[in-house]
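The values are calculated or read from the model by the stated rules, or taken from the named source; none is laboratory data. Predicted model only: the values in this text are computed from it and were never measured. Quick reminder, even Gly has a Cβ in these numbers, built from the backbone with ideal geometry, and neighbours come from all protein chains shown.
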């Protein structure tokens, strides 16, 4: 049995600053809960517009998360494992949406996938698919801003994996796909789940790129953040209720996914 030494002394200033930081994060949520008109909550939540916005938000954010995993996993692996000219530039560009103003991202999406965009006009001419101001456009906008969070998380985990385990599997005759499926992915599974949670949370709260690229059409492209923005201009009490609803949904899903993440560790 290893004897534990005395607990290290904690600087009081560090504790005070930690309390201030916690209060800085918690106070806005407490104020939101305190000032929300709870007597109007049920009537606001049960309106058809809010129900449609909530369904669209959940469906599009989950679709964006799946797309982020499908596209982001290979991208993270390539950036973590392969050496090639321009890798640093590729890494910078793929993480650019993390710091890019979302509205600018929406403008870039319009120029790429709009009806007159670089790829958008080709899609329209050959397949008839039009992404802007559609539900599919919401998924594209949310994926654009959410996938970098998944890529950053998974790439960091892939860089820290002991590659000797993969080398041992290859020396025993395992194919590259078998090594990836049976060795690499189980080793980075906690990071994969964490990255997916971060991508989902970012997609659920996306606003700027969505309203720029997909618009704010009730029942079609109006997600819950857009509904909150619209309600804030016309009925602030409803915006408070919708904000609490979004916080509650996000917190519930994050807690549920975190339990699965902890079990995977």
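Some observations on this one:
- In the set 90, 119, 109, 96, only one residue is in contact with a helix residue (DSSP H, G or I) (Cβ under 8 Å, 6 or more places away or on another chain), closer than 22 Å to residue 75 by Cβ and buried (at least 21 other Cβ atoms within 10 Å of the Cβ); that residue is 109.
- Only listed residue being in a helix (DSSP H, G or I), touching a helix residue (DSSP H, G or I) at 6+ places or on another chain (Cβ under 8 Å) and buried (at least 23 other Cβ atoms within 10 Å of the Cβ), chosen from 226, 232, 198: 226
- All of 179, 217 fail the test of being out of contact with any helix residue (DSSP H, G or I) (no Cβ under 7 Å at 6 or more places or on another chain) and touching a residue at least 12 places away in the same chain (Cβ under 8 Å), apart from 217.
- Test result for residue 51, loosely packed, with under 15 Cβ neighbours inside 10 Å, more than 22 Å from the chain's Cα centre (by Cα) and in a helix (DSSP H, G or I): no
- Scanning the stretch 142-194 for residues that are surrounded by fewer than 16 Cβ atoms within 10 Å (Cβ to Cβ) and assigned to a loop (DSSP other than H, G, I, E, B) yields 162, 172, 173, 175.
- For the stretch 13-47, a tally of residues being over 14 Å from residue 242 (Cβ atoms) and either free of Cβ contacts under 8 Å to residues at least 12 places away in the same chain or loosely packed, with under 10 Cβ neighbours inside 10 Å (or both) returns 20.
- Hits in the stretch 201-214 - residues which are outside any helix (DSSP H, G or I) and more than 13 Å from the chain's Cα centre (by Cα): 214
- Taken over the stretch 235-253, the criterion of being surrounded by fewer than 16 Cβ atoms within 10 Å (Cβ to Cβ), at pLDDT below 80 and in contact with a helix residue (DSSP H, G or I) (Cβ under 7 Å, 6 or more places away or on another chain) is satisfied by no residue.
- Residues of the stretch 122-134 that are surrounded by 14 or more Cβ atoms within 10 Å (Cβ to Cβ) and not in a helix (DSSP H, G or I): 130, 131, 132, 133, 134.
- Checking the stretch 18-39 against the condition returns a match, with at least one residue being closer than 22 Å to residue 251 by Cβ, more than 19 Å from the chain's Cα centre (by Cα) and outside any helix (DSSP H, G or I).
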